[in-house]
1. Mind giving me the FRET efficiency for residue 136 and residue 35? R0 is 30 Å, r the Cβ-Cβ distance, nearest 0.05 is fine.
2. Let me make sure I get this right: for the range 47-93, a, b and c are the square roots of the gyration tensor eigenvalues over alpha carbons, sorted descending. Under 1.5 in a/c it's rounded, otherwise prolate if a/b > b/c, else oblate. Which is it?
3. For residue 129 and residue 187, calculate 0.36 nm times their separation in residues minus their Cα-Cα distance, and state this gained length in nm to one decimal.
4. Would you please classify the overall shape of the range 110-161 from the alpha carbon gyration tensor, given that a ≥ b ≥ c denote the square roots of the eigenvalues, rounded means a/c under 1.5, and beyond that prolate means a/b larger than b/c while oblate covers the rest?
5. Among 58-66, 199-207, how do they line up by average Cβ neighbours within 10 Å per residue, starting with the highest?
6. Where the centroid of each part is defined by its Cα atoms, how far is the range 46-84 from the range 179-249 in Å?
7. Applying a 10 Å radius around every beta-carbon, put 155-163, 235-243 in order of their mean neighbour count, most first.
8. For residue 227 and residue 150 in the same chain, what is the full-extension length gain: residue separation times 0.36 nm, less their Cα-Cα distance, in nm?
Ligand SMILES: Nc1ncnc2c1ncn2[C@@H]1O[C@H](COP(=O)(O)OP(=O)(O)OP(=O)(O)O)[C@@H](O)[C@H]1O
C-alpha cells in the first residue's frame with residue numbers, strides 16, 4: 001500500500017546522499033518586473049523543512065508571481081528560488097519533490113477526475129494505482145467518474161491537490177488553495193496539511209487572508225507590493241501582539257512607575273489617558289495600584305486580532321493615481337490591530353477625552 005504522505009527523505013528523489021537533511025525552500029533576492037511594473041522586488045525568505053509556511057499578501061502583492069518563479073514558470077528579473085539547494089527545473093524528478101496547486105481552473109471540463117489524474121500519473125511515471133489513492137485522500141473517491149466540468153470550485157481545489165500529491169512529493173506549494181472551500185472544506189484542508197507536515201512534508205501556502213492560514217502555519221512570510229514586510233514564526237507574531245491591559249487610573253504616570261519598578265516596563269499612557277500594559281495580568285495591576293495609592297476606575301483586556309496586524313503591515317498596497325495628475329493617492333489609514341479599540345472604559349480622569357486614534361499600529 002502506498003504511504004499517504006512522504007515519510008522522511010523520499011526514495012528516488014534524486015539525492016546523492018539520502019541521509020542529508022533537505023535544506024528546504026530558499027528565495028534569494030528574487031525580483032520580477034513585467035514591462036515597467038515591478039511585481040516582486042528583492043524578495044528573500046526561507047521555508048524550513050517540515051514547516052507549514054503561510055505566504056501572505058493582499059491581492060496583487062506578488063504571491064503568485066513568486067510561486068511561479070519558484071516553480072520555473074516565470075523567469076526572474078533577478079535573484080533565485082531554490083528547492084533543496086537547486087532550481088526547481090534542475091531537480092531530477094521535480095514532480096516527486098514538489099507538488100504544486102497554482103490554478104484550480106485549468107482542467108479539461110470533459111475529462112473525469114480519474115482520467116485527468118491518469119494522464120498526469122502517466123506523465124510523471126507514477127503507478128496508475130496511485131490515482132485511486134489520491135482521490136480518496138482528498139475526499140473525491142465517489143466523484144472519480146464525474147466530468148470536471150460539473151465540479152464546484154471546492155471540488156476543483158481538491159482535484160488540484162490530488163494532482164499535486166500524485167508524485168508523493170516532499171513539498172507542497174499551494175496558491176490560495178482555500179479559494180472556494182466551504183468552512184468544512186477549509187477545516188478538512190487544515191487537518192490534511194497538518195497531517196502532511198507531521199509526516200515530514202513541507203508546505204508553502206499562499207493566502208490573502210491571515211485567518212485562513214493562522215491555525216495551520218507555524219511560520220509566516222508577509223509581503224506587500226512585492227516586498228517582504230515580515231518573516232517569522234506565527235507564535236512570535238502572536239507574542240509581539242499579545243493582549244494588553246487598559247487601565248483608567250487616577251494617576252497613570254505613578255502607576256506606570258510602580259509597574260516599571262515591578263519589572264513591567266511595557267506600559268504606555270494612551271491619548272485617552274488610560275495606561276496600556278502588555279504582559280501583565282489585570283489583578284497584578286490592581287494590586288500594584290492599591291499598593292501605591294492609585295485609584296483604578298476601570299480595567300479592560302484587549303486581545304490583538306492578527307488579521308488586523310496583517311492589514312496594518314500591508315496597508316498602502318493600493319495607492320490609486322489621482323485622476324489626470326499621475327500622482328499617488330493617499331495611503332489608506334492603518335487599521336488598529338486591536339478590534340473595537342477604545343471601548344468606553346468607564347470614568348475617565350478629569351479633562352481626558354475619548355480618543356479615536358489610539359495605538360499607533362504594530363511595533
Ligand atoms: N503576466 C503578467 N504580465 C503583467 N503583469 C503581471 C503578470 N502577472 C502578474 N502581473 C502583475 O504583477 C503584480 C503581482 O501579481 P500577482 O498575481 O503575483 O499577485 P498576487 O499576490 O498573487 O495577487 P492575488 O492575491 O490577487 O492572486 C500585479 O500588479 C499583477 O498585475
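1. Numbers: r = 45 Å, r/R0 = 1.51.
Calculated value: 0.10.
2. Values: a/c = 2.34, a/b = 1.21, b/c = 1.93.
Oblate is the answer for the range 47-93, as a/c is 1.5 or above yet b/c matches or exceeds a/b.
3. Working: separation 58, 0.36 × 58 = 20.88 nm, distance 2.73 nm.
Additional length available on full extension: 18.2 nm.
4. Working: a/c = 1.88, a/b = 1.49, b/c = 1.26.
Prolate, since a/c reaches 1.5 and a/b exceeds b/c.
5. On the way: 58-66: 20.6, 199-207: 23.0.
So the peptides 58-66, 199-207, ranked by packing, come out 199-207, 58-66.
6. Answer, in whole Å: 16.
7. Values: 155-163: 23.8, 235-243: 14.9.
Taking the mean over residues of other Cβ atoms within 10 Å, the ranking is 155-163, 235-243.
8. Working: separation 77, 0.36 × 77 = 27.72 nm, distance 3.88 nm.
Length difference between fully extended and current span is 23.8 nm.
Every number in this text was worked out from the coordinates using simple rules, so none of it is lab data. Owing to the predicted nature of the structure, the values given are computational and were not obtained by experimental measurement. Neighbour counts are summed over all protein chains in view; Cβ atoms, including those assigned to glycine, are modelled from backbone coordinates with ideal geometry.
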